[in-house]
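**Q** Before anything else, here's the structure in question.
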Amino acid sequence: MSLADRIEQLKAGGQAAIAAATSTAALDQVRIQFLGRRAELPNLLRGVAQLAPEQRGAVGKAANEARRQLEQAIEQKLEQLAAAELQQRLEQDKLDITLPADPLPALGRLHLITRTRREIEDVFVGLGFKVVEGPEVERVYYNFDALNVAPTHPSRLTTDTFYVEPATDLFDPQTQLLRVHTSPMQIRAMESQPPPIFLIVPGRVYRPDSDATHTPQFHQIEGLAIDEDITLADLKGTLETFARAIFGPEREIRLRPHFFPFTEPSVEVDVSCFNCCGGITADGERCPLCKGTAWIEILGAGMVDPNVLHHVKHNGYSPEQVQGFAFGIGIERIAMLKHGVPDLRLLYDNDVRFLEQFA
Ligand code: DAH
């Protein structure tokens, strides 16, 4: 074969290979194969000087032309393939910044205790009660003495109350403690405003207990209503409204005689069980919620004891002129009953799997 034919053949082979290349990487291999340092065509060009003089011109020209054409064809094809590859990458890497991140960010929500507190607050605000808060570090005077708690009452012992160090004299009215209930705010509120007074006091309270139904810190809502002609019937109507708002419009309540130092008479309040009918569930079993009694205890209440009012007589609370009722609600207890929470500690473990159930 003449050199001219061989050059023609190489050119045709190169063009076919260029046309067949489907990627820039494959095209690069074609370039090395036909135009690389060890490829035949460039070798031929380098050897032109050794050819017979009459051959040099034609062979040199043909080889040069073939190289130029192949280079040009590669360049064109490279542009084409690179554009296609870029397009493909763009399609695959499509990033829509208007879509939310995946997985969806956690939205967060109110803790069940906060939710329950707000729910209860809403009911009483709707009835005309004001929401106030009080100090968690309290004095013996407000926590016990002014609430008519006898000096011998066991709740004053260090086994039942957290005293703030150094508590040298547990009977000194000024001694500081962590309030064991929200009731002290009854006295503080009556000291700060004359009657009539209608308020609720949500907040944290503290007791040295820890088991499935007790945590050292928990939450209560105190209620206080004092005016000239408030009766036990007002207390019952108020608490019935509360029970129906929280546990459903079909609920009844009943008052059972009880004892609290700061109320007389005192009652414990039960709500009719919302899990069964007369203590028997739909499956004919003894109801586990009310233990078959058809009633569930929800709070303590009573008519404010005149001995309590006596401490704030100077501000218009003379027991001869005004009277009223008080109540204390455990927020955790309401939340657990309403949502079937079996262990109080679940409310404080901060396990998201538990918490996120309460939307
Ligand atoms: N302070 C009581 C407790 O912590 C709850 C309570 C009962 C509050 C009766 C009241 C009340 O105001 O009248 O157990």
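**Q** Filter the range 330-357 for residues that are in contact with a Ser or Thr (Cβ under 9 Å, 6 or more places away or on another chain) and either touching a residue at least 24 places away in the same chain (Cβ under 8 Å) or outside the structural domain of Val271 (by TED's automatic domain parsing) (or both) and give the result. Spell out the reasoning first.
**A** Step one: filter the range 330-357 for residues in contact with a Ser or Thr (Cβ under 9 Å, 6 or more places away or on another chain), giving 331-336, 338-339, 343-345, 347-348.
Answer for the range 330-357, where residues must be in contact with a Ser or Thr (Cβ under 9 Å, 6 or more places away or on another chain) and either touching a residue at least 24 places away in the same chain (Cβ under 8 Å) or outside the structural domain of Val271 (by TED's automatic domain parsing) (or both): Ile331, Glu332, Arg333, Ile334, Ala335, Lys338, His339, Asp343, Leu344, Arg345, Leu347, Tyr348.
**Q** I've got another one for you. Return the residues of the range 194-231 that are of a type in the set (Gly, Ala, Ser) and assigned to a loop (DSSP other than H, G, I, E, B); say none if nothing qualifies.
**A** Looking only at the range 194-231, we keep the residues that are of a type in the set (Gly, Ala, Ser), and these are 203, 210, 212, 223, 225.
Across the range 194-231, the qualifying residues are Ser210, Ala212.
**Q** Got a sec? Which of Leu232, Leu170 is modelled with pLDDT under 95 and either surrounded by fewer than 19 Cβ atoms within 10 Å (Cβ to Cβ) or outside the structural domain of Ser155 (by TED's automatic domain parsing) (or both)?
**A** Numbers: Leu232 fails: modelled with pLDDT under 95.
Just one listed residue meets the conditions, Leu170.
**Q** Related question: With the requirement that a residue be within 14 Å of Arg68 (Cα to Cα) and charged (D, E, K, R), what does the range 9-50 give you?
**A** The answer is Lys11, Arg31.
**Q** Still on this structure, please answer the following. Quick one: in the range 167-193, of everything that is in a helix (DSSP H, G or I) and of a type outside the set (Gly, Ala, Ser), which residue is nearest to the ligand (Cβ to nearest atom)? First the steps, then the outcome.
**A** To start, the set of residues in the range 167-193 that are in a helix (DSSP H, G or I) comprises 184-192.
Next, from what is left, pick out any that are of a type outside the set (Gly, Ala, Ser): 184-188, 190-191.
Values: Pro184: 9, Met185: 10, Gln186: 7, Ile187: 11, Arg188: 14, Met190: 13, Glu191: 17 Å.
Ranking the qualifying residues of the range 167-193, first place goes to Gln186.
**Q** Conditions first: (1) touching a residue at least 12 places away in the same chain (Cβ under 8 Å); (2) away from the ligand (no atom under 16 Å from the Cβ); (3) of a type in the set (Val, Ile, Thr); (4) under 23 Å from Asp209 (Cβ atoms). Val123 passes all but one, so which condition is the exception?
**A** (4)
**Q** Sticking with this one: Do you know which of the residues in the range 140-166 that are away from the ligand (no atom under 14 Å from the Cβ) and β-branched (Val, Ile, Thr) is surrounded by the most Cβ atoms within 10 Å (Cβ to Cβ)?
**A** The first filter runs over the range 140-166 and keeps only residues away from the ligand (no atom under 14 Å from the Cβ), leaving 140-141, 145, 150-152, 157-159, 162-166.
Now narrow it down to the ones that are β-branched (Val, Ile, Thr): 140, 152, 158-159, 164.
Numbers: Val140: 23, Thr152: 6, Thr158: 11, Thr159: 10, Val164: 12.
Across the range 140-166, the extreme among qualifying residues is Val140.
**Q** Would you confirm whether any residue within the range 311-319 is surrounded by 14 or more Cβ atoms within 10 Å (Cβ to Cβ), assigned to a helix (DSSP H, G or I) and free of Cβ contacts under 8 Å to residues at least 40 places away in the same chain?
**A** Among the residues of the range 311-319, at least one is surrounded by 14 or more Cβ atoms within 10 Å (Cβ to Cβ), assigned to a helix (DSSP H, G or I) and free of Cβ contacts under 8 Å to residues at least 40 places away in the same chain, which makes the answer yes.
The values are calculated or read from the model by the stated rules, or taken from the named source; none is laboratory data. Remember, predicted model here, so these are calculated numbers, not experimental data. Cβ: placed from backbone, ideal geometry, glycine included. Neighbour counts: every protein chain shown.
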